[in-house]
Amino acid sequence: MRRVADELGIQAPSIYKHFSSRAEIEAELVADAMVELGEVTHRAIHKAGAGTRLMSLLVAYRKNCLGNSALYRLATKGSFYRDRLPAGLEAWAGNPFYVVTGDPALAQALWSFAHGMVCLELDNRYPPGSDLDGTWRAGAGAFEHYATLKERSPDKSPKIRARANI
């Protein structure tokens, strides 16, 4: 709390004039992080051309998360108290992933890929010299390919269904 107060230029006890608990402060920071990330990713998909929306989304997501790593970790690590967030914020912030995939399960898988990549990059878990830009492009390509297959087979043929269960 002292560190937060120092950054705000106030005394630590003064924080509690505005917030009732540390949990309330964390919830506010998480909400702010989700709003910022949502704005960044919504902007990315609306500025991109139809064929590049998925990659544009991933580039914007990665840049924002790596640039705000402490806030990103606070928002995505440990317990998640949805009841402390403004109604609809989580769905709105995640909507760009649905927009570029057109499928709730694929959107969740895409976010999981992006989140995992960001966490591994933040933790410096990739071998030295790894082409992380190439890894992000490969992931985007795989998701674009799957989304294209799915669009061509709305009946979800056994071949696509089997791939989805991997």
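Within segment 1-50, can you find the residues that are among the polar types (S, T, N, Q) and not in a helix (DSSP H, G or I)? Spell out how you get there, then give the answer.
First, the residues of segment 1-50 that are among the polar types (S, T, N, Q): 11, 14, 20-21, 41.
Correct list: Gln11, Ser20, Ser21.
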Restricting segment 99-131 to residues that are more than 30 Å from Ala23 (Cα to Cα) and among the hydroxyl-bearing types (Ser, Thr, Tyr), the one farthest from the chain's Cα centre (by Cα) turns out to be Ser130
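Examine segment 84-99 for a residue that is surrounded by 11 or more Cβ atoms within 10 Å (Cβ to Cβ), in contact with a Phe, Trp or Tyr (Cβ under 8 Å, 6 or more places away or on another chain), at pLDDT 95 or above and not hydroxyl-bearing (Ser, Thr, Tyr), and state whether such a residue exists.
Step one: list which residues in segment 84-99 are surrounded by 11 or more Cβ atoms within 10 Å (Cβ to Cβ), which gives 84-86, 89-90, 92-99.
Checking which are in contact with a Phe, Trp or Tyr (Cβ under 8 Å, 6 or more places away or on another chain) leaves us with 94, 97.
The next check asks that each one be at pLDDT 95 or above; those that pass are 94, 97.
After this cut, where a residue has to be not hydroxyl-bearing (Ser, Thr, Tyr) as well, the list is 94, 97.
The answer is yes, given that some residue of segment 84-99 is surrounded by 11 or more Cβ atoms within 10 Å (Cβ to Cβ), in contact with a Phe, Trp or Tyr (Cβ under 8 Å, 6 or more places away or on another chain), at pLDDT 95 or above and not hydroxyl-bearing (Ser, Thr, Tyr).
Among Leu58, Leu29, which is the only one that is surrounded by fewer than 17 Cβ atoms within 10 Å (Cβ to Cβ) and at negative phi? Working first, answer last.
Details: Leu58 fails: surrounded by fewer than 17 Cβ atoms within 10 Å (Cβ to Cβ).
After applying the criteria, what remains is Leu29.
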Kindly establish whether Ser130 is out of contact with any Cys (no Cβ under 9 Å at 6 or more places or on another chain), hydroxyl-bearing (Ser, Thr, Tyr), within 29 Å of Thr148 (Cα to Cα) and outside any helix (DSSP H, G or I). yes
Give me the pairs: first residue in segment 8-32 and within 17 Å of Asp83 (Cβ to Cβ), second residue assigned to a helix (DSSP H, G or I) and not β-branched (Val, Ile, Thr), beta-carbon distance under 6 Å, and six or more apart or on different chains, which are they? Ala27/Arg84; Leu29/Leu74; Val30/Ala75
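The values are calculated or read from the model by the stated rules, or taken from the named source; none is laboratory data. Remember, predicted model here, so these are calculated numbers, not experimental data. We place every Cβ from the backbone using ideal geometry, glycine too, and count neighbours over all the protein chains shown.
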